[in-house]
Amino acid sequence: MASTFSNRSVEEIASVATQVLWFQLYVEDDRGKTKELIQRAEAAGCRALCITVDLPWKCARNRRRSRGR
């Protein structure tokens, strides 16, 4: 599975993949950018799209604050 946040492009990953490739998508606020990512993954040969929903917004996570300290 290739991730939106991989340090290599989906095209690079697809060029060396030896198995069926999936794309893990983190949906962006910019719907045009999200659509472009999906189209690139499809053009690269990804056979599945896995939409990740556990990150509702991008931010630096403050672990101390989330623990109530």
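The values are calculated or read from the model by the stated rules, or taken from the named source; none is laboratory data. What you see is a predicted model; the values in this text were computed from it and never measured. Reconstructed Cβ throughout: ideal geometry from the backbone, glycine too, with neighbour counts over all protein chains shown.
Miscellaneous remarks
- Count of residues meeting criterion [touching a strand residue (DSSP E or B) at 6+ places or on another chain (Cβ under 7 Å) and exposed (fewer than 11 other Cβ atoms within 10 Å of the Cβ)] in the range 17-43: 0
- If only residues of the range 26-69 that are modelled with pLDDT of 95 or more and either touching a helix residue (DSSP H, G or I) at 6+ places or on another chain (Cβ under 6 Å) or of a type in the set (Val, Ile, Thr) (or both) are counted, the one that is farthest from Phe5 (Cα to Cα) is Gly45.
- Scanning the range 18-42 for residues that are in contact (Cβ under 8 Å) with a residue 12 or more places away in the chain and of a type in the set (Gly, Ala, Ser) yields a single hit, Ala41.
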